[in-house]
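The values are calculated or read from the model by the stated rules, or taken from the named source; none is laboratory data. Owing to the predicted nature of the structure, the values given are computational and were not obtained by experimental measurement. Don't worry about glycine lacking a Cβ; one is built from the backbone with ideal geometry, like all the others, and counts go over all protein chains shown. Note: areas computed on protein heavy atoms with side chains; ligands, DNA, RNA excluded. Shrake-Rupley method; radii C 1.70, N 1.55, O 1.52, S 1.80 Å.
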Amino acid sequence: MRTNSLPRVLITGGAGFIGSHLCERFLERNFEVICLDNFFTGSRLNLSHLKDHPHFELVRHDVVEPLAIESEYILNFACPASPVHYQYDPVMTMRISVEGTLNLLNLARRTGATFVQASTSEVYGDPEEHPQKESYRGCVNPTGTRACYDEGKRAAESLCFDFRRSYQTDVRVIRIFNTYGPRMACNDGRVVSNFITQAISGRPLTIYGDGSQTRSFCYVQDLVDGIERITMADKNLFSSPYNLGNDGEFTVRELAEKVIRLSESASAIEYKDLPQDDPVRRRPDLSRMRQAFDWNPAVPLEKGLIESISWYRKLLETNPALFHQ
Ligand code: NAD
Ligand code: UDP
């Protein structure tokens, strides 16, 4: 039984990079926010400014275990997202996507909550179609080292749409393309946080392969704006997923050069082996998102990098140990 009249949102993975920004955004919008996390890659530090907020609650829980929390909205962001972290325990990664999403969908079905699933551009694998539209079915190696994440997220999407068809659960699936910004962990291992932490601590920037592979980088505030629009929109708009990201496309080498220039770093570039199944090109087609929600990514890469560099510099001053993990 609920007596509080504020709308309530359950954010799984809320102590992580994107999740912590979502907690902040929904508190700003006067929601009661329940943040659920097992702290595998997330941190209380990401939430230290919210912990005393009267409408904020933090719950330690693993989404693989069933749970009973009533809320009007469930935002499912619990899952390691960096290749280094999702490959650490690949069987657990698959279970988080499949069993975790199933637990949360069952909860949404019981409570009537709107369910927002954080899916990924990885469902397109190493794409033969460019840019990637939502209708593209992808090219994923089902037995490689990225499969635990890619196939796990594909299975989670399939569960979402089966709940929609079978039980009329209000599901909304977002395919997120590479997102970066403040609060991405120093040891996250993804390219933007690696390059910035390397550049500002004077270590060489590690390019995997020859750096000609491309990615599209979205600043976290743009992503959160899009997620908020999707969460609050009419349920009839969600019979299929939406791409969300920024459609600028850069090679990894260009990114390294920008980070070195913008941080005025003297770091060199060091070339390392390309990981297995590393996608060659990636760029979202954002037409559906723009048309349905009048949404557009507003932060160009250089501006987002400047913001991020300044955030990591402050972290280096206040918490240097984080740079040596
Ligand atoms: P992150 O690693 O910073 O956050 C993930 C959070 O989930 C962490 O707080 C972690 O502790 C928590 N978590 C992991 N396993 C859990 C479990 N079993 N139970 C409860 N909590 C658990 O990563 P992120 O970049 O913030 O990604 C958040 C979500 O967005 C993920 O689902 C990811 O797949 C998706 N996504 C992110 C990106 C991106 O570029 N950042 C791109 C595509 C999709
Ligand atoms: N990458 C790199 N150096 C790093 C980390 C990543 O060159 O220190 C490359 C990686 O091989 C990939 C791209 O940058 O081609 C983006 O990698 P990330 O892990 O950020 O995301 P994803 O591969 O999931 O898009």
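Round to the nearest 10 and give me the degree value, 0 to 90, for the angle of helix 191-200's Cα axis relative to the longest principal axis of the chain. Computed tilt is about 50 degrees.
Of the GluC sites (Glu not before Pro) found in region 24-72, not one falls in a DSSP loop while having at most 13 other beta-carbon atoms within 10 Å. Each peptide in 244-252, 43-51, 149-157 was scored by the mean count of other Cβ atoms within 10 Å over its residues; highest first, the order is 149-157, 244-252, 43-51. Along region 158-174 the Karplus relation, 6.51 cos²θ - 1.76 cosθ + 1.60 evaluated at θ = phi - 60°, assigns HN-Hα couplings of 5, 4, 4, 6, 5, 5, 5, 6, 7, 10, 6, 5, 7, 9, 9, 10, 10 Hz to successive residues, with x for each Gly and Pro.
Across Glu128, Glu228, Glu99, the residue with the most accessible area heads the list, and the full order at a 1.4 Å probe is Glu128, Glu99, Glu228.
Each peptide in 278-285, 85-92 gets a packing score, the mean of other Cβ atoms within 10 Å over its residues, and the list from highest to lowest is 278-285, 85-92. Between region 31-65 and region 119-167, what is the separation of their alpha carbon centroids in Å? The two parts, judged by their Cα centres, are 28 Å apart.
Ordering Ser212, Pro182, Thr231 by Cα displacement along the dipole of region 177-252 toward the positive end leaves Pro182 in first place; charges were set at the Cβ atoms of Lys, Arg (+1) and Asp, Glu (-1). Compactness of region 122-200 is given as radius of gyration and Dmax, 15.8, 51 Å, from Cα positions.
Pull up the DSSP beta bridges for the chain and report the antiparallel fraction as a percent, rounded to 5. Antiparallel bridges make up about 5 percent of those DSSP assigns within the chain. The dipole here belongs to the chain: it is taken about the Cα centre, uses +1 on the Cβ of Lys and Arg and -1 on the Cβ of Asp and Glu, and is about 340 debye. A cut-off of 5 Å between modelled amide H atoms, ignoring neighbours fewer than 5 places along the same chain, links Ile269 with Leu205.
Angle of helix 101-111 to the longest C-alpha principal axis of the chain, folded into 0 to 90 degrees and rounded to 10: 30°. In degrees from 0 to 90, rounded to the nearest 10, what is the angle of the helix 301-318 Cα long axis to the longest principal axis of the chain? Computed tilt is about 90 degrees. Taking a ≥ b ≥ c as the square roots of the eigenvalues of the alpha carbon gyration tensor, region 124-260 is prolate, as a/c is not under 1.5 and a/b beats b/c.
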